[in-house]
Every structure is written in C-alpha cells, then in structure tokens.
Amino acid sequence: MDVVWAADAPLTVRDVLGCLSETRSSALAYNTVQTVMEVLHRKEWLTRAKDGRAFRYKATKSREEYAASLIDQVWATGADRTATLVRLFDELDPAEVAELRAALAERADGERA
C-alpha cells in the first residue's frame, strides 16, 4: 500500500513490482505482487481500471483516511478510550506532542466561543 499511496497516478502490477524491487534485497515474483493486489482489490482497498491488457490500480482511501478508519474501529469496540489514547500518546515524539497540544487548545477555544 505504501507504493500505491506514494504514487501520483494509478499503477500497474509491473509498476508496483518495479518500485518494490528498488527497495528490497530479495526479488518478488510478478505473480506474488499480482495476487496481493487482487486481494486488496477484492477487499476494496484498491480500485482498478483496464488499460490495454493490464489493470491500473489506485487506493480507495488515502493513508490518512485509512488510519482514521482504524481509530473508528477501535472506538466501536467499546474499549476504554482513555487507556487507548494514553497508549497511543506514549508512541508520539515531542513534535507530535506539541501538534496534539495545539490541536487540543484550538478545540478548547472553539468550545468556549
């Protein structure tokens, strides 16, 4: 998915294979990449359009939309939200903590208005 999200345009299986080959020490088979992309298409993570004999694939959601949907799933489980947030916050670096504080302050200011 990282390769698809990073692309400016829809990609063929061969395009994805080429990108993966640049970053991997061991080669992947074309059929392996094709199978994974087919599975992602069936799971509706990718859409595809015919281009000659090949398909061009693109993500149905941005990386950010996907991350937000994962958080929505966590909320839907009924788990302790505060404990979940504390666990997530433990993973933040100082710059991310500063961004979060600014966002919370902005929200608090909006609620006071």
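Before moving on, here are some points about what is shown:
- Among the residues of the range 35-45, at least one is of a type in the set (A, V, I, L, M, F, W, C) and in a loop (DSSP other than H, G, I, E, B).
- Condition met for Glu44 (within 24 Å of Pro10 (Cα to Cα), exposed (fewer than 10 other Cβ atoms within 10 Å of the Cβ) and among the charged types (D, E, K, R)): yes
- Residues in the range 56-113 that are among the hydroxyl-bearing types (Ser, Thr, Tyr), in a loop (DSSP other than H, G, I, E, B) and surrounded by 10 or more Cβ atoms within 10 Å (Cβ to Cβ): 2 in all.
- Index of the failed condition, Glu38 passing every other in (1) on the phi > 0 side of the Ramachandran plot; (2) surrounded by 12 or more Cβ atoms within 10 Å (Cβ to Cβ): (1)
Residues are listed down the side, and each one gets a yes or a no for (1) outside the structural domain of Cys19 (by TED's automatic domain parsing); (2) modelled with pLDDT under 85:
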| position | (1), (2) |
| --- | --- |
| Thr35 | no, no |
| Leu70 | yes, no |
| Gln73 | yes, no |
| Thr77 | yes, yes |
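- Filter result (assigned to a loop (DSSP other than H, G, I, E, B) and farther than 16 Å from Met37 by Cβ) within the range 8-23: Asp8
The values are calculated or read from the model by the stated rules, or taken from the named source; none is laboratory data. None of these values were measured; they are calculated from a predicted model. Backbone-built Cβ (ideal geometry, glycine too); neighbour counts: all protein chains shown.
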